[in-house]
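Let me begin by presenting the structure, written as structure tokens, before commenting on it.
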Amino acid sequence: MEHSGKVAPIIECRNVSKTFKNKGNSLEVLQNLSLSVRENEFVVLLGPGQCGKTTLMNIIAGLEPATSGEVFFQGERVAKPNPKLGMVYQTTALFPWLSVMKNVDFGPRMRHMPRKERREKAQHFIDLVGLTGFEKAYPIKLSGGMRQRVGIARAYCNDPAVLLMDEPFGHLDAQTRYSMQDAIERIWSREKRTVVFITNNIEEAIFLADRIVLLTNCPTNVKKEILVDLPRPRDYVSRGFLKIREDISKIFEITK
Amino acid sequence: MNRKKKRSFAGSRTEALVYGILSLVILLAVWHLVSLGGRIGKFFPSPFLVIRDFANAFVHAIGRNTMLEHIFFSLRRVLVGFGLGVVVGIPLGLVMACSKAGRAFFMPLFSIVRPIPGLAWIPLAILWFGLGEQSKYFLICMTALVGITMQTFFGALYADPVLIGAARMLGAGKFQLFVHIILPSAIPNIFAGLQGSFAGAWCAVIAAEMIRSDEGTGWIIFNGMNYANTAQVIVGMVAIGLVGLIASTLLKALERRLCAWNIQGK
Ligand SMILES: Nc1ncnc2c1ncn2[C@@H]1O[C@H](COP(=O)(O)OP(=O)(O)OP(=O)(O)O)[C@@H](O)[C@H]1O
Ligand SMILES: [Mg+2]
């Protein structure tokens with residue numbers, strides 16, 4: 001692949017296919033999809049609704065098996081969930097019975113990290129996502145945007161090598177969405193990690209991505225890849241931004 | 001939710017209080033008037049007589065025990081029987097939800113027992129355990145067991161798979177999943193089961209005491225009936241109602257404590 005350079009990719013999907021079978025009906029969601037992600041790269045998968053983005057994410061995460069094909073993480077085959085991969089969900093997947101603090105330090109707690117150490121660590125990420133003062137609140141009391149911030153802090157706090165983000169801002173209003181995009185961009189520049197980010201929003205993709213992977217409709221495959229070589233933080237109305245926007249719109253329209 | 005409903009019905013809190021007092025006053029007035037009528041009045045003691053007898057019962061014994069002692073006997077029976085139901089029912093529900101083998105083994109047995117109302121066990125309880133305390137414990141336990149087991153089972157079975165996935169991604173092992181995700185997911189259901197089953201157990205103790213006993217709130221009622229002492233019957237009923245109310249209030253308070261995360265608003 002032209003972008004993978006000399007270093008081995010941290011994530012590699014090889015010919016991944018997925019077919020759901022339900023009592024005679026079968027639905028082919030992913031078809032021979034290949035994809036690779038380099039370390040510290042911010043890759044955005046941009047695809048239409050219901051095309052199998054969440055399914056692909058679950059397969060990369062090891063939560064669901066592929067029908068055929070393989071996924072490699074740091075050179076090893078993914079077969080079960082690996083805490084080195086952190087997941088941020090489309091809908092809030094916070095533990096409703098735990099406070100913000102206990103949600104965020106959940107991962108370290110499962111690894112039996114001493115209380116003081118993991119509290120400090122969790123506090124660092126709570127501060128980073130801008131939720132200082134809400135440590136004791138239960139998720140039910142938080143707004144949608146705040147919940148997603150907790151989800152991001154929780155994923156970061158487990159020290160993953162890769163963050164998988166599945167339309168984390170899909171359910172937020174436009175205003176909150178912009179501020180969350182800023183937040184993610186800021187966090188990413190301070191805590192460099194590999195990010196695989198899913199969205200169906202073109203602007204969001206251009207604002208965040210080093211590289212955008214355009215996905216086709218179901219059964220899903222990679223349509224095209226676009227490198228976004230604009231200085232960060234990006235300006236939604238700069239010429240470079242609008243140019244890429246136009247290119248992507250064209251690509252999506254051509255096949256319609 | 002409950003509170004909201006009450007509000008929209010009666011407007012405000014003070015309004016609700018006024019209506020509550022009003023309905024109570026009307027009840028007592030009508031009751032008192034009926035008790036004045038000759039023939040009906042004979043089996044219809046005045047509410048003031050009942051209140052007096054009720055208060056008296058705390059000082060002067062009915063049968064061999066005062067009211068508090070009667071309540072204590074009934075409560076002890078319920079707590080032992082209900083406690084057994086909890087100790088058996090919660091683990092049973094969890095095993096059926098979490099282990100395929102456990103479900104395959106217990107589910108058929110349980111499906112047979114489930115539709116049998118607790119009180120249908122009375123004859124077997126007597127034949128197996130005699131007329132003493134044990135048969136009462138057994139009866140109460142059987143009444144409470146079914147609800148507790150079912151609620152625990154469904155609560156644990158329908159733990160959100162996304163949350164389970166999220167916990168696995170964060171490194172939780174099998175046992176940790178059970179402790180940190182499945183169990184807390186089931187807690188609201190378990191509480192619903194406890195509340196329903198407690199009401200059932202409180203019914204069962206009355207039935208058990210009516211069959212045979214020398215004390216307890218159920219005994220007060222039955223003894224009153226045998227001696228055509230209507231006031232005593234009603235005193236027993238009031239005691240049962242009050243204890244049931246206090247117990248369910250306590251359970252609700254405990255639930256509010258333990259499930260604060262599940263309650264919207266302040
Ligand atoms: N476990 C499953 N069994 C059967 N079909 C499934 C299952 N999971 C997903 N699907 C189907 O696969 C298709 C793709 O689902 P998926 O959730 O991966 O899409 P998506 O791109 O994430 O959608 P969205 O844009 O709504 O997030 C959908 O038609 C969905 O109904
Ligand atoms: Mg999705």
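The values are calculated or read from the model by the stated rules, or taken from the named source; none is laboratory data. Computed from a predicted model, the values in this text were never measured in an experiment. Cβ coordinates were reconstructed from backbone atoms using ideal geometry, including for glycine residues, and neighbour counts include every protein chain displayed. What goes into the accessible areas is simple: the full protein's heavy atoms, side chains included, and nothing from ligands, DNA or RNA. Shrake-Rupley method; radii C 1.70, N 1.55, O 1.52, S 1.80 Å.
GNM remark for chain B: springs join alpha carbons under 10 Å apart, and the peak mean-square fluctuation among B:A208, B:A125, B:A253 falls on B:A253.
If I build a Gaussian network model for chain B, linking alpha-carbon pairs within less than 10 angstrom, which residue out of B:N56, B:N189, B:N226 has the largest mean-square fluctuation? Top of the fluctuation ranking is B:N226. Basic side chains Lys and Arg get +1 at the Cβ, acidic Asp and Glu get -1 at the Cβ, and with that the dipole of chain A about its Cα centre reaches some 700 debye. Cα centroid separation, region A:98-156 to region A:177-253: 27 Å. Measuring r between the beta carbons of A:T19 and A:T132 and using R0 = 51 Å, the FRET efficiency lands at 0.65. Once all protein chains are placed together, B:W128 keeps about 150 Å² accessible to a 1.4 angstrom probe.
Here the accessible area is traced with a 1.4 Å probe on the protein chains. For chain B, carbon and sulfur cover 71 percent of it. Remark on region A:109-142: accessible area falls by at least 50 square angstrom from chain-alone to full-complex state for A:M110, A:I140, probe 1.4 angstrom. Spacing of the modelled spin labels on A:M113 and A:D247, each 7 Å from Cα toward Cβ, amounts to 3.9 nm.
About its Cα centre, the dipole of the protein assembly as shown is roughly 500 debye, where the only charges are +1 on Lys and Arg Cβ and -1 on Asp and Glu Cβ.
Place a point 7 Å from the Cα of A:T176 along the Cα-to-Cβ direction; which residues of region A:143-160 have their backbone N under 16 Å from it? Counting backbone N atoms under 16 Å from the label point, the list is A:143-153. Can you tell me how the protein assembly as shown classifies by the Cα gyration tensor, rounded, prolate or oblate, using a/c under 1.5 as the rounded cut? It is prolate, given that a/c is not under 1.5 and a/b is the larger ratio. A Förster radius of 25 Å combined with the Cβ-Cβ distance from B:V59 to B:D214 puts the calculated FRET efficiency at roughly 0.80. Summing charges over neighbours of A:R234, with a neighbour being any other residue whose Cβ is under 13 Å away from its Cβ, gives -2 when K and R count +1 and D and E count -1.
With the simple spin-label model, which puts each label point 7 Å out from Cα in the Cβ direction, the A:D229 to A:S34 separation comes to 2.4 nm. Length gained on full extension, B:W128 to B:Q176: 13.1 nm, using 0.36 nm per residue less the C-alpha separation. Buried on complex formation within region B:223-266 (loss of at least 30 square angstrom of accessible surface versus the isolated chain, 1.4 Å probe, ligands and nucleic acids ignored): B:W261, B:Q264.
In degrees from 0 to 90, rounded to the nearest 10, what is the angle of the helix B:133-157 Cα long axis to the longest principal axis of chain B? Helix B:133-157 sits roughly 40 degrees off the main axis of chain B.
Legend: mean number of C-beta atoms from other chains within 10 angstrom of residue C-beta atoms, peptide B:168-178, equals 6.
Go ahead and set up a Gaussian network model of chain A, Cα springs under 10 Å, then flag whichever of A:V43, A:V228, A:V196 fluctuates most. Highest fluctuation of the listed residues: A:V228. Partner shielding of A:79-90 amounts to 3, given as the average count of beta-carbon atoms from other chains within 10 Å of each residue beta-carbon.
The B-A contact accounts for roughly 2000 square angstrom of buried accessible surface, both chains included, probe 1.4 angstrom.
Taking a ≥ b ≥ c as the square roots of the eigenvalues of the Cα gyration tensor, an a/c ratio of 1.5 or more together with a/b no larger than b/c marks region A:69-222 as oblate. The Cα center of region B:60-86 and the Cα center of region B:177-218 differ in position by 15 Å. The angle between the Cα long axis of helix A:144-157 and the longest principal axis of the Cα atoms of chain A comes to about 90 degrees, rounded to the nearest 10. Each Lys or Arg adds one and each Asp or Glu subtracts one; over the other residues with Cβ under 11 Å from the Cβ of A:A66, this totals +1. Among B:L84, B:V179, B:T230, flag the residue with its Cα farthest along the positive direction of the charge dipole of chain B, charges on Cβ as +1 for Lys/Arg and -1 for Asp/Glu. Of the options given, the answer is B:V179. Shown is the FRET efficiency for B:R76 and B:S248, computed with R0 = 22 Å from the Cβ-Cβ distance and rounded to the nearest 0.05: 0.75.
As I understand it, the value is the acute angle between the Cα axis of helix B:100-113 and the longest principal axis of the Cα atoms of chain B; what does it come to in degrees, rounded to 10? The angle comes out at about 20 degrees.
Legend: residue pairs A:K102/A:K136; A:K84/A:K121; A:K80/A:K192, Cα-Cα distance threshold 19 Å; pairs beyond threshold, A:K80/A:K192. When the square roots of the Cα gyration tensor eigenvalues are ordered a ≥ b ≥ c, the ratio a/c for region B:124-223 is 1.5 or more and a/b exceeds b/c, which makes its shape prolate.
For A:Q90, nonlocal amide neighbours, meaning residues 5 or more places apart or on other chains whose placed amide H falls under 5 Å from its own, are A:D166.
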